[in-house]
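The values are calculated or read from the model by the stated rules, or taken from the named source; none is laboratory data. Bear in mind the structure is a predicted one, so any value in this text is a computation, not a measurement. Positions of Cβ are backbone-derived with ideal geometry, glycine not excepted, and every protein chain shown enters the neighbour counts. SASA here: full protein model, heavy atoms, side chains in, ligands and nucleic acids out. Shrake-Rupley method; radii C 1.70, N 1.55, O 1.52, S 1.80 Å.
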Amino acid sequence: YNLTWELINTDLYPNNFEVFILNFNDGGRDLRLNAEVVTKAIRKIHEVCPNYKIVIAGLSMGGPIVRYALSKMESQDRLHHVGLFLSYDSPQWWAHISPDLQDWIKIQNPNDGAIGKLQESLQSVAAKQMLYYNTYDPNKIHRLEFYNELNNLNVTGYPHKSFNVSASNGNFNAT
């Protein structure tokens with residue numbers, strides 16, 4: 001978070017870059033609904049800055065949300081005016097939280113404030129869509145539905161009309 005603000009304040013603003021930060025009102029809702037918010041934001045940014053290509057960064061869960069938005073726009077032959085899509089530490093196939101930890105959280109007393117919030121987060125549609133294992137969706141119905149749909153958008157599930165860069169802090173074994 002601090003590195004992002006440092007980049008914005010030290011490098012972007014002084015060099016006359018326009019920076020728009022999008023925070024979702026409900027990050028736990030269906031990722032496709034938040035992708036629609038991204039689509040609307042992209043259209044608005046293009047209205048404000050019509051002569052420039054957009055650089056869009058999706059951090060963590062924002063990566064698959066932006067990927068979905070751009071790929072869906074392209075599959076519908078809609079222009080998105082994005083020149084660079086940066087996906088940073090994003091679960092492009094799935095996210096991992098220890099199944100043992102999730103199962104433990106599930107059986108705890110929900111009246112404990114912190115535990116109750118964790119239980120609520122794990123029960124969200126977004127968590128069910130992103131987690132490889134979700135204690136509240138053990139058959140992976142939500143994840144399989146979302147990622148199958150995403151991977152079939154625009155032939156490959158990735159935008160083709162932008163330069164795409166991805167960086168990650170983990171590896172396939174979730175370490």
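Descriptive notes on the structure:
- Sole residue being open to solvent by 20 Å² or more (accessible area, probe 1.4 Å) and either at pLDDT below 90 or more than 17 Å from Ala167 (Cβ to Cβ) (or both), chosen from Asn23, Asn34: Asn23
- Residue match in the range 14-33 (condition: touching a helix residue (DSSP H, G or I) at 6+ places or on another chain (Cβ under 8 Å) and in a helix (DSSP H, G or I)): yes
- Residue list for the range 136-168, filter: open to solvent by 50 Å² or more (accessible area, probe 1.4 Å), in a helix (DSSP H, G or I) and among the hydrophobic types (A, V, I, L, M, F, W, C): Ile141, Leu144
- Contacts under 6 angstrom Cβ, first residue in the range 91-119 being part of a helix (DSSP H, G or I), partner open to solvent by 70 Å² or more (accessible area, probe 1.4 Å), 6 or more apart: Ile105/Leu118; Gly116/Pro110; Gln119/Pro110
- Tally of residues being of a type outside the set (Val, Ile, Thr) and assigned to a strand (DSSP E or B) across the range 34-65: 3
- Top-ranked residue of the range 67-111 - restricted to ones that are open to solvent by 10 Å² or more (accessible area, probe 1.4 Å), under 19 Å from the mean Cα position of the chain (by Cα) and of a type in the set (A, V, I, L, M), ranked as farthest from Leu150 (Cα to Cα): Ile97
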